[in-house]
Amino acid sequence: MPMAEFWRFAGVGYFPKLTRDPAKAGTVAVQGVDLFQHVWALHMDYRMVPHPQVPGRKLRAALRTIPSLDPSPTFAAVTLENEGVAIYLPATEGELGAFRAEPPRREGYWRQTRAEDSQMPWPAPDPDWAGQATFLRALDDVERRADRFAYRGMSLCRLCGCRNGFEDLTFDLWTWPGGFRHYLADHHVRPSPAFEAFILAAAGAPPL
């Protein structure tokens, strides 16, 4: 599936069978195809896109195709608070309404085992992290405002094995698992400098 660097907002539609208000039922057509009359495939890839109704707010839109169609349109979609689904389409630089979209910046996602051959990091405790309490207060503030997405079942802590969340959180251009706070608070894992600076700034806290 092509990974477009530029995207544009195409409209908001509603799945007729899912909306509680049939009067809202609407659609977005792409290449003559009514997207809301087909089953979508999720490709576990995302782009950070502007909220169509809230200036300055970013949303994590999932890349989608329609397997029953050949060729299938490629689009990105995200469900809004009002049950509507915002649709975004690949665009070209300079096209009316086009904006540059990028994958979310990820923090706190680990490989499955310490010995696994993977590019993913492993949580490393830092007992000398003096700014832990300040950062956790800032993280709590940001997480109260973050968007939440149910993910692929319950996660287990890589260090102690406890059940540790089932959601992803997204705020601005960053995404992190709901269980990330457990690593920081209980295992003294320190976040990356970039994420630490982002959370502190988003919460209005001074840099550590």
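The values are calculated or read from the model by the stated rules, or taken from the named source; none is laboratory data. Bear in mind that the values here come from a model prediction, so they are computed numbers and not experimental data. Methodologically, a virtual Cβ is constructed for each residue, glycine included, from the backbone with ideal geometry; neighbour enumeration extends over all protein chains shown. Surface areas here come from the heavy atoms of the whole protein model, side chains and all, with no ligands, DNA or RNA. Shrake-Rupley method; radii C 1.70, N 1.55, O 1.52, S 1.80 Å.
One table, with the values for the structure above:
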quantity: Efficiency of FRET between ASP126 and ALA201 - r from beta-carbon atoms, R0 35 angstrom, step 0.05; calculated: 0.95
quantity: Ranking by accessible area, most exposed first, for THR79, THR113 with a 1.4 Å probe; calculated: THR79, THR113
quantity: Percentage relative contact order, region 85-208, counting C-alpha pairs under 8 Å, at least six apart; calculated: 28 percent
quantity: For region 105-183, average projected area of the Cα convex hull in nm²; calculated: 5.9 nm²
quantity: Cα long-axis angle, helix 132-145 against the chain (0 to 90 degrees, to the nearest 10); calculated: 20 degrees
quantity: Net dipole in debye of the chain [+1 Lys, Arg Cβ; -1 Asp, Glu Cβ; about Cα centre; nearest 20]; calculated: 320 debye
quantity: Charge dipole (debye, nearest 20) of region 96-208; +1 at Cβ of Lys and Arg, -1 at Cβ of Asp and Glu; calculated: 200 debye
quantity: Most mobile of LEU69, LEU156, LEU35 in a GNM of the chain (Cα contacts under 10 Å); calculated: LEU69
quantity: Mean residue ellipticity (222 nm) of the chain, computed from DSSP H runs ≥ 4 via -39,500 (n - 2.57), nearest 500; calculated: -4500 deg cm²/dmol
quantity: The chain - percent of accessible surface contributed by carbon and sulfur, probe 1.4 Å; calculated: 53 percent
quantity: Candidates per GluC sites (Glu not before Pro) in region 99-208, loop by DSSP, up to 13 other Cβ within 10 Å; calculated: GLU116
quantity: Trypsin sites (Lys or Arg not before Pro) within region 110-208: DSSP coil, no more than 13 neighbouring Cβ in 10 Å; calculated: ARG114, ARG152
quantity: Over the chain, relative contact order from alpha-carbon pairs under 8 Å, at least 6 apart, %; calculated: 18 percent
quantity: Space enclosed by the convex hull of the alpha-carbon atoms of region 132-171, per residue, Å³; calculated: 82 Å³
quantity: Cα-based convex hull, region 58-143, per residue volume (Å³, whole number); calculated: 225 Å³
quantity: Residue-normalised accessible area of the chain, given per residue in Å² at a 1.4 Å probe; calculated: 55 Å²
quantity: Distance between region 93-113 and region 118-157 - C-alpha centres, whole angstrom; calculated: 19 Å
quantity: Exposure ranking of CYS162, CYS157 by accessible area [1.4 Å probe, largest first]; calculated: CYS162, CYS157
